Amino acid sequence: MTQIAITHLGLCTPLGDDPQTVLRRLLDGDTQGMRWRDDLIPDSQVLVGMVTTELPSIAPELQRFDCRNNQLLQRAAEQIAPAVEAAKTQYGADRIGIVLGTSTSGIARGEKALAYRAEHGVLPADYLYSKQELGNSCDFLQHYFDLAGPCYTVSTACSSSAKVFASAKRLLLAGVCDMVIVGGADSLCKLTLNGFHSLESVSKAHCQPFSRNRDGINIGEGAALFTLTLGKAELMLAGVGESSDAHHISSPHPEGDGAVVAIEMALKDAAIAPSRVGYINLHGTATIKNDAMESRALLKVFGEQLPPVSSTKPLTGHALGAAGALEAAFCLLLLSDLNREHGLPPQVGDQEWDGDNPALPFVSQGHSTRPENARLEYVMSNSFAFGGSNASVIFCRGAKR
């Protein structure tokens with residue numbers, strides 16, 4: 001069976017931008033990446049997951065790509081740059097593909113341009129509409145690395161940067177690419193916050209996934225990138241499942257039918273039984289309907305074999321188009337040798353679970369370490385989006401480098 005190796009990882013998240021720091025804060029249930037902002041929703045304060053790392057400047061020759069989304073992306077790209085340069089030498093620039101997920105792209109730059117026009121009557125001289133096109137970040141990364149292979153964006157709301165793993169697998173197995181850079185980036189902007197606010201889906205405080213007191217999401221931002229090749233490495237892509245139930249434009253199927261299909265497809269693709277999965281990173285948005293659906297879907301697939309689970313969105317906010325990539329990165333860090341004590345991210349919140357939904361085995365704060373003889377081998381990450389676009393990705397441990 002052909003295997004897909006995940007060879008390098010780049011991070012820029014509200015939890016930090018180096019693997020050791022991100023893993024430590026993840027296992028500690030650290031919520032310091034959540035910040036109150038009063039400049040995103042009119043006459044309102046809102047809690048968001050915010051990257052506070054100093055971001056790099058976009059080079060002068062790439063100014064047409066200058067926006068926060070691409071700055072987040074560049075911070076992650078810097079960490080995988082040596083691997084990409086080595087691959088260019090080995091394979092050629094036309095044999096390296098890029099597939100990214102995003103929802104916002106550079107929309108925040110468009111918001112600032114419109115505010116400038118409202119005050120001055122004209123758009124800023126440096127305004128380019130292309131900065132807010134969904135393909136802008138992918139185009140930026142191709143120019144940043146000077147590559148010539150396939151380059152495209154997946155934008156399916158919250159499943160965007162989970163589905164990129166399936167795209168990369170197809171490109172590698174078809175022989176189109178020898179390496180594929182995948183991941184996602186999303187940045188805080190007023191359009192997103194006010195859109196979800198109009199849906200009455202933004203939490204008034206800290207989001208509480210699966211709690212009976214949950215009242216909506218916290219929005220977040222960040223970027224994560226991965227390099228994938230054929231072969232074997234310490235960390236592997238084991239399986240991917242995708243489905244589209246198209247139940248409703250914004251509400252999930254109440255019984256999670258589409259989610260079940262995606263999860264079962266991922267298990268089949270990985271050729272493992274449900275009992276082999278050691279941890280599940282939940283989509284866990286803290287909205288009423290999503291959490292209800294996800295708990296039912298998991299029970300249908302795993303039953304009594306359901307492993308420890310948690311949602312990491314209380315730590316980072318929901319990064320929308322980048323959520324799948326960020327949470328994939330968290331799963332890979334859990335599988336890596338950095339996780340020496342075999343810890344798991346705790347479910348942060350009030351621990352008052354919704355009795356109307358099936359009970360899940362949440363990882364408790366302070367009890368997030370697995371027994372030494374139960375090292376993680378397979379980890380699942382779920383992403384369920386508007387329009388019934390669902391993705392489930394399974395990662396596993398592979399060979400030592």
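The values are calculated or read from the model by the stated rules, or taken from the named source; none is laboratory data. What you are looking at is a predicted structure, and each value in this text was computed from that prediction instead of being measured. Here the Cβ is made from the backbone with ideal geometry for all residues, glycine too, and neighbour counts use every protein chain on show. Accessible surface is based on the protein model in full, side chains and every heavy atom, while ligands, DNA and RNA are left aside. Shrake-Rupley method; radii C 1.70, N 1.55, O 1.52, S 1.80 Å.
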For this session: Two decimals is fine: what's Rg over Rh for region 1-149, C-alpha atoms, Kirkwood radius as Rh?
Result: 1.02
Exercise. Considering the values [x] 61, 55, 38; [y] 50, 49, 46; [z] 63, 54, 45, which represents Cα extents along the principal axes in Å as calculated for the structure under consideration?
Worked result: [x]
Exercise. Label-point separation (nm) for residue 191 and residue 244, each offset 7 Å from Cα along Cα-to-Cβ?
Worked result: 2.1 nm
Problem set entry | Value of Rg to Rh for region 165-236 (Rh from inverse mean 1/r over Cα pairs, i.e. Kirkwood) | 1.19
Exercise. If you count the DSSP beta bridges with both ends in the chain, what percent of them are antiparallel, to the nearest 5?
Worked result: 70 percent
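So for the chain, averaging the separation of alpha carbon pairs under 8 Å that are six or more residues apart and normalising by length, what relative contact order in percent results?
Taking the mean separation of contacting Cα pairs over the length of the chain, I get 24 percent.
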Exercise. Who wins for biggest fluctuation among 12, 207, 177 in a Gaussian network model of the chain, springs between alpha carbons below 10 Å?
Worked result: 177
For this session: Write out the GluC sites (Glu not before Pro) in region 185-282 meeting two conditions: DSSP loop, and at most 16 other Cβ atoms within 10 Å of their Cβ.
Result: 200, 234, 255
For this session: Work out the FRET efficiency for residue 173 and residue 78 from their Cβ-Cβ distance, taking R0 = 30 Å, and round it to the nearest 0.05.
Result: 0.55
Exercise. Per the 1.4 Å probe, what fraction of the accessible area of region 287-333, in percent, lies on carbon and sulfur atoms?
Worked result: 58 percent
For this session: Measure off 7 Å from each Cα along the Cα-to-Cβ vector at residue 148 and residue 338, then give the distance between these two points in nanometres to one decimal.
Result: 3.5 nm
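On a 21 Å Cα-Cα criterion, which of the cross-link pairs 268/300; 88/232; 169/289; 112/190; 163/313 come out too long? Could the numbers behind the result be given before it?
Working: 268/300 15 Å; 88/232 19 Å; 169/289 31 Å; 112/190 10 Å; 163/313 19 Å.
Flagged as over cut-off: 169/289.
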For this session: Could you give the DSSP H helices of the chain that reach 15 angstrom or more along their long axis (alpha carbon positions) and whose average Kyte-Doolittle hydropathy is no lower than -1.0?
Result: 68-91, 107-120, 160-173, 257-270, 288-302, 323-335
Exercise. How far is it, in nm, from the label point at residue 120 to the one at residue 85 when both lie 7 Å from their Cα along the line to the Cβ?
Worked result: 3.8 nm
Seminar exercise, completed: Going residue by residue through region 50-57, the Karplus relation 6.51 cos²θ - 1.76 cosθ + 1.60 with θ = phi - 60° gives ³J(HN,Hα) values, rounded to whole Hz and with x marking Gly or Pro, of 10, 6, 10, 4, 5, 8, x, 7
Exercise. For a paramagnetic label modelled at 7 Å from the Cα of residue 356 toward its Cβ, which residues of region 217-247 fall within the zone defined by backbone nitrogen distances under 20 Å?
Worked result: 217-218
Exercise. Given the protein chains as shown and a 1.4 Å probe, how many square angstrom of residue 31 are accessible, to the nearest 10?
Worked result: 50 Å²
Exercise. Given that compact globular proteins tend to follow 2.2 N^0.38 Å, what is the ratio of the alpha-carbon Rg of region 253-401 to that value?
Worked result: 0.98
For this session: Determine the percent antiparallel among the DSSP beta bridges restricted to region 275-401, to the nearest 5.
Result: 60 percent
Exercise. Between residue 45 and residue 62, what length comes free when the chain is fully extended (0.36 nm per residue of separation minus the Cα-Cα distance, one decimal in nm)?
Worked result: 2.7 nm
Exercise. Tell me, what is the per residue accessible area of region 110-174 in Å², probe radius 1.4 Å?
Worked result: 49 Å²
